[in-house]
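S.K.: I am attaching a structure below and will ask some questions about it afterwards.
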Amino acid sequence: MSLLNVSSPHAHRPLSTATVMQLVLLATLPGIAALSLFFGWGTLLNLAIAIPLALLFEACVLKLRQRPLAFYLGDYSAVVTAVLLAIALPPHSPIWLVAIGIGFAIIIAKHLYGGLGYNPFNPAMVAYVVLLISFPVEMTQWAAPLSLIDSGAIDGHTMATPLDVLKNNNSELVADLFAHNPGFGRWAGLGWEWVNLSFLAGGCFLLYKRVFTWHAPVAMLSSLAFCSLFFYDGGSSASKGSPLFHLLSGATMFGAFFIITDPVTSAVSNRGRLVYGALIGLLLFVIRAWGNYPDALAFAVLLMNFAAPFIDYYTQPRTYGHKAKQPPSKEESH
Amino acid sequence: MLADYALLLISAVLVNNFVLVQFLGLCPFMGVSNKLETAIGMSSATTFVLTLASICSWLTYQWLLVPLGLEYLRTISFILVIAVVVQFTEMVVRKTSPLLYKVLGVFLPLITTNCAVLGVALLNINKNHSFMESALYGFGAAAGFSLVLVLFAAMRERLAAADVPTPFKGAAIGMITAGLMSLAFMGFAGLV
C-alpha cells in the first residue's frame, strides 16, 4: 500500500464572499421553516418584501457611487441583510416598517461606511433597533402560535412572548406559568424552542462548513447559560428564568450563529471573539433580566460592535516567531 | 446603602451616560477621539478633574454658598472652582508627564469648558446628593465619559481606513457613528 504522493502547491479554492453568503442563506432555511410552521406565513411575507427592497436600495446606492452593479449585487450580502432583518421583525410586519428598516440597514448602516467590509455595526441589527425605538407598538406585536389560534385558546392573532410574560410576572411560580400559560411549551415558549433548535441546526451546518469559528457562539451561549444559572432561584415568581429557558427563547440561537458571527462587525482574533461573545451573552442576560426590553439581542450586539475595535486592539495575536508583545502604547506617556 | 451607591454608579456610567444619553461633553468626544492614545490620556485627565471638581463644588455650595445665602451664585462659582481644578491638573500633568501634556495640548485647558463637568456639579445640587454621592456621581460620569470616548476612538481609527463616501468623511461619519452608539445605549433604559 503506498501513500498517494501529490506534489505541491496544494492550492484549493478559498470561500468567496458569494459562496459564504449563499451558505448562510441556506442555513437560515430550517429556522425560517420553523418560524412559518409555528407562527404562520408572516415571516415569509416579510422576506418577500425585504429581499427585493434590499436589492433595490443596494442598486440605487451603487449607482450613486458609480460602482459596478453586477459585481456587488452578486455577492448576496444585501440579500443576507434582508433575510436576517425579515427573520428578526415580527411576522406580518407592515410594508412601510420593513421598507424603513431595510433602507436604514442598507443606506445608513452599510453604505455610508463604504459598503460591505467596512460597516462597524451589523446593518440588520441597526435597522432593528431603529425600528424598535421609533415604532415600539408595531415592533412588539409578535404573532401567536398557530396551534393556539386554531384551538381557540386565545383571542386575537398576537400575544406576549414568553420572555415578556416572564419579565412581567411577579405572582406565579415558573412551574405554574409552564402549566397554565398557553404560550409556554416544554422547555421554553411554545414554538420558540423549535425555532431556536432549528437555528442551532443551521448554525452547526455553518460551523461544519467552516464559515465561522466556534469561539463567539460558544462564548456567548455559555456566558448566557452561566449568568442565568447564577441568578436562577429554582423558579420562584421573581425568577429570571432557567438557563434552558434563556438558551431556547427569543433570538438566542439566531443571534449566536447568524448575527454575532458576522466577520465584519465582530472582533477579529479568536481570543477577541471569545471576549466579544462572552460580553454579548452577559449584556443579553442583564438587559433581559433587569432592563426595559424583554429580548435584547440587537442592543447587546450593537454595544459590542461598538467595543469590537477596542477588543481587537488589546487581543492582538502573537506573531509567529515573536514574543508576546503589549499593544503598541507609549508607556512613557503615563 | 451600598446597593444605592452601586445603582448610582450604574446609572451615571451606563443608563444616563453623559455623552450618549444626556449629550453633554460632546466637544472633547468629537475632538479628542481621532487617536486611541490621546483618548486614553484625555479620559484619565477628565476622570481626575471631574471627580475632584464635583467634590470641590459640593463643598463650596454646602459650606460657603448656603451659609451665606448666596445659592443663586452657584453657576458662576462652580465655573471658578472648575477652572482652578483644571489649572491644578494641568500643572500636575506638566510636571509628571510632559509628553502627555504635549499630546493633550489645547484640550487640557478645554476641560474647563467641558459641559459635562459643570453639568455634574449642577446636577449634584439639583438631585440633593450627599458628599459621598456627589463624589461617586462625578466619578461615574467620568467613567462613562471615558468608556465611550475610548471605545469611540478605537472605532474611529478603524473608520479612518474605511471607504467612506467623500461627503461623509471625517466628522460627519463620526457624528453618524455617535448617533448609532446612542441608539445602542438606549438598550440600558430601565436598568436602574
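S.K.: Got at least one residue in segment A:82-94 being aliphatic (A, V, I, L, M), modelled with pLDDT under 95 and farther than 23 Å from A:TRP194 by Cα?
M.R.: No, every residue in segment A:82-94 fails to be aliphatic (A, V, I, L, M), modelled with pLDDT under 95 and farther than 23 Å from A:TRP194 by Cα.
S.K.: I'm told B:ASP163 meets every condition in (1) closer than 13 Å to B:SER54 by Cα; (2) of a type in the set (Asp, Glu); (3) not in a helix (DSSP H, G or I) except one. Can you identify the failing condition by its number?
M.R.: (1)
S.K.: Read through the list (1) surrounded by fewer than 14 Cβ atoms within 10 Å (Cβ to Cβ); (2) more than 14 Å from chain A (Cβ to nearest Cβ); (3) farther than 21 Å from B:ALA12 by Cβ, then give the number of the only condition that B:LEU59 fails.
M.R.: Evaluating B:LEU59 over (1) surrounded by fewer than 14 Cβ atoms within 10 Å (Cβ to Cβ); (2) more than 14 Å from chain A (Cβ to nearest Cβ); (3) farther than 21 Å from B:ALA12 by Cβ leaves (3) as the failure.
S.K.: Within segment B:24-44, can you find the residues that are assigned to a helix (DSSP H, G or I) and away from chain A (no Cβ under 13 Å)?
M.R.: Here is the first cut: in segment B:24-44, the residues assigned to a helix (DSSP H, G or I) are B:26-31, B:36-44.
Once the filter is applied, which keeps residues that are assigned to a helix (DSSP H, G or I) and away from chain A (no Cβ under 13 Å), segment B:24-44 yields B:LEU26, B:CYS27, B:PRO28, B:PHE29, B:MET30, B:GLY31.
S.K.: Please go through segment A:157-172 and pick out each residue that is in a loop (DSSP other than H, G, I, E, B), within 16 Å of A:GLY234 (Cα to Cα) and either in contact with a helix residue (DSSP H, G or I) (Cβ under 9 Å, 6 or more places away or on another chain) or not assigned by TED's automatic domain parsing to the domain that holds A:GLY234 (or both). It would help to see each step written out before you state the result.
M.R.: Step one: of segment A:157-172, the residues in a loop (DSSP other than H, G, I, E, B) are A:157, A:159-161, A:169-172.
Restricting the remaining residues to those that are within 16 Å of A:GLY234 (Cα to Cα) gives A:169-172.
Those that are in a loop (DSSP other than H, G, I, E, B), within 16 Å of A:GLY234 (Cα to Cα) and either in contact with a helix residue (DSSP H, G or I) (Cβ under 9 Å, 6 or more places away or on another chain) or not assigned by TED's automatic domain parsing to the domain that holds A:GLY234 (or both): A:ASN169, A:GLU172.
Here's the yes/no breakdown for (1) free of Cβ contacts under 8 Å to residues at least 12 places away in the same chain; (2) farther than 13 Å from B:ALA12 by Cβ; (3) in contact with a helix residue (DSSP H, G or I) (Cβ under 6 Å, 6 or more places away or on another chain):
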{"site": "B:LYS95", "(1), (2), (3)": "yes, yes, no"}
{"site": "B:LEU110", "(1), (2), (3)": "no, yes, no"}
{"site": "B:GLY119", "(1), (2), (3)": "no, no, no"}
{"site": "B:LEU122", "(1), (2), (3)": "no, yes, no"}
{"site": "B:SER134", "(1), (2), (3)": "no, no, yes"}
{"site": "B:ALA141", "(1), (2), (3)": "no, no, yes"}
{"site": "B:ARG158", "(1), (2), (3)": "yes, yes, yes"}
{"site": "B:THR166", "(1), (2), (3)": "yes, yes, no"}
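S.K.: Looking at B:THR47, is it out of contact with any Ser or Thr (no Cβ under 7 Å at 6 or more places or on another chain), under 30 Å from A:PRO309 (Cα atoms) and more than 13 Å from chain A (Cβ to nearest Cβ)? Can you show your working first?
M.R.: Details: out of contact with any Ser or Thr (no Cβ under 7 Å at 6 or more places or on another chain): no; under 30 Å from A:PRO309 (Cα atoms): yes; more than 13 Å from chain A (Cβ to nearest Cβ): yes.
In short, no.
S.K.: With respect to B:VAL66, determine if the residue is β-branched (Val, Ile, Thr), surrounded by fewer than 18 Cβ atoms within 10 Å (Cβ to Cβ) and modelled with pLDDT under 85.
M.R.: Working: β-branched (Val, Ile, Thr): yes; surrounded by fewer than 18 Cβ atoms within 10 Å (Cβ to Cβ): yes; modelled with pLDDT under 85: no.
For B:VAL66, the condition - β-branched (Val, Ile, Thr), surrounded by fewer than 18 Cβ atoms within 10 Å (Cβ to Cβ) and modelled with pLDDT under 85 - is not met.
S.K.: Output yes when any residue across segment B:82-89 is in contact (Cβ under 8 Å) with a residue 40 or more places away in the chain, at the interface with chain A (Cβ under 10 Å from one of its Cβ atoms) and within 18 Å of the chain's Cα centre (by Cα), and no when none is. Step through it out loud before you land on a result.
M.R.: Pass one, segment B:82-89, residues in contact (Cβ under 8 Å) with a residue 40 or more places away in the chain: B:89.
When the remaining residues are screened for being at the interface with chain A (Cβ under 10 Å from one of its Cβ atoms), the result is none.
No, the conditions are met nowhere in segment B:82-89.
S.K.: Return yes or no: is B:LEU100 farther than 18 Å from B:THR112 by Cα and surrounded by 13 or more Cβ atoms within 10 Å (Cβ to Cβ)? Break it down stepwise before answering.
M.R.: On the way: farther than 18 Å from B:THR112 by Cα: no; surrounded by 13 or more Cβ atoms within 10 Å (Cβ to Cβ): yes.
It is false that B:LEU100 is farther than 18 Å from B:THR112 by Cα and surrounded by 13 or more Cβ atoms within 10 Å (Cβ to Cβ).
S.K.: Further question on the same structure: Answer yes or no: is there a residue in segment A:114-126 that is at pLDDT 85 or above, within 11 Å of another protein chain (Cβ to nearest Cβ), within 24 Å of A:PHE245 (Cβ to Cβ) and assigned to a helix (DSSP H, G or I). Even if it seems obvious, please write down each step before you answer.
M.R.: In the first step, residues of segment A:114-126 are kept if they are at pLDDT 85 or above; the result is A:114-126.
Next, only the ones that are within 11 Å of another protein chain (Cβ to nearest Cβ) stay: A:114-123, A:125-126.
From what's left, within 24 Å of A:PHE245 (Cβ to Cβ): A:125.
So of that shortlist, the ones also assigned to a helix (DSSP H, G or I) come out as A:125.
Yes.
S.K.: Suppose we filter B:PHE131, B:PHE107 for residues that are at pLDDT below 90, farther than 20 Å from B:SER182 by Cα and more than 14 Å from every other protein chain (Cβ to nearest Cβ); which single one remains? Working first, answer last.
M.R.: Working: B:PHE131 fails: at pLDDT below 90.
Among B:PHE131, B:PHE107, only B:PHE107 is at pLDDT below 90, farther than 20 Å from B:SER182 by Cα and more than 14 Å from every other protein chain (Cβ to nearest Cβ).
S.K.: Using beta carbons and a limit of 6 Å, which pairs, at least six apart or on different chains, have the first residue in segment A:289-301 and facing chain B (nearest Cβ under 7 Å) and the second one surrounded by fewer than 21 Cβ atoms within 10 Å (Cβ to Cβ)?
M.R.: Within 6 Å, the pairs are A:TRP290/B:LEU191; A:GLY291/B:GLY190; A:GLY291/B:LEU191; A:ASN292/B:ALA189; A:ASN292/B:GLY190.
S.K.: Which condition from (1) in contact with an Asp or Glu (Cβ under 9 Å, 6 or more places away or on another chain); (2) of a type outside the set (Lys, Arg); (3) within 14 Å of chain B (Cβ to nearest Cβ) is the one that A:LEU73 breaks?
M.R.: (3)
So that you can scan it fast, the table gives a plain yes or no per residue for (1) within 19 Å of the chain's Cα centre (by Cα); (2) crowded, with 17+ Cβ neighbours inside 10 Å; (3) modelled with pLDDT of 95 or more:
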| position | (1), (2), (3) |
| --- | --- |
| A:ALA34 | yes, yes, no |
| A:PHE38 | no, yes, no |
| A:TRP41 | no, no, no |
| A:ASN46 | yes, yes, no |
| A:PHE71 | no, no, no |
| A:ILE102 | yes, yes, yes |
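The values are calculated or read from the model by the stated rules, or taken from the named source; none is laboratory data. A quick note: this is a predicted structure, and the numbers were derived from the prediction, not measured. Note: ideal-geometry Cβ built from the backbone for every residue, glycine included; neighbour counts use all protein chains shown.
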